[in-house]
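The values are calculated or read from the model by the stated rules, or taken from the named source; none is laboratory data. It should be emphasised that the depicted structure is a prediction, and the values quoted were computed from it without experimental measurement. Cβ coordinates were reconstructed from backbone atoms using ideal geometry, including for glycine residues, and neighbour counts include every protein chain displayed.
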Amino acid sequence: ARCYVYIAKIYLGQGNYKQCENTINELLTYQYTNDEINSQGMLVLADAYIQQNDYANAKIILETILNAKLNNENINKTAQSKLDEVNRNLNRNENTEQNKDLFDRMFEEYQKSKE
């Protein structure tokens, strides 16, 4: 089972995110794995999402790891650290002009048209 994690790390290093994700999905369905190895794989998957700026999926994965309350302090600390990074990026993205939703942009245009 641990080999899946190493293979996924190789794909991640190559920037082959889809294959990395597929490998972790295989790990999660593998019969001879455990929660600790699955969590290590999910950390790799979260890294893949972070590298693609897909912070929403990374956040879901990291929260899942933390909610499992594993008895592994290293995995929990790593997941929390990555989650903090993801939340910082999500907050930064929320405040940028390009991420305003349609309503916000329309409201601003309306306000400008009244001036």
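A few notes on this one:
- The set of residues in region 1-22 that are under 25 Å from N71 (Cβ atoms), surrounded by 20 or more Cβ atoms within 10 Å (Cβ to Cβ) and out of contact with any Asp or Glu (no Cβ under 7 Å at 6 or more places or on another chain) comprises V5, A8.
Listed here are the residues, each with its yes/no results for (1) within 15 Å of Q80 (Cβ to Cβ); (2) among the acidic types (D, E); (3) touching a helix residue (DSSP H, G or I) at 6+ places or on another chain (Cβ under 6 Å).
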| site | (1), (2), (3) |
| --- | --- |
| T29 | no, no, no |
| A56 | no, no, no |
| I61 | yes, no, yes |
| N67 | yes, no, no |
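- Output for region 48-63, where each listed residue is in contact (Cβ under 8 Å) with a residue 12 or more places away in the chain and under 25 Å from Q14 (Cβ atoms): A48, Y49, I50, Q51, Q52, N53, Y55, A56, A58, K59, I61, L62
- Pairs, first aliphatic (A, V, I, L, M) in region 24-38, second surrounded by 14 or more Cβ atoms within 10 Å (Cβ to Cβ) and part of a helix (DSSP H, G or I), C-beta under 6 Å, six or more apart: I24/A8; I24/G41; I24/L45; L27/Y4; L27/G41; L28/N38
- Residues that are under 15 Å from Y6 (Cα atoms) and of a type outside the set (D, E) number at least 1 in the following helices (runs of 4 or more DSSP H) confined to region 16-115: 17-29, 35-51.
- Within region 70-82, at least one residue is within 9 Å of the chain's Cα centre (by Cα) and at pLDDT 95 or above.
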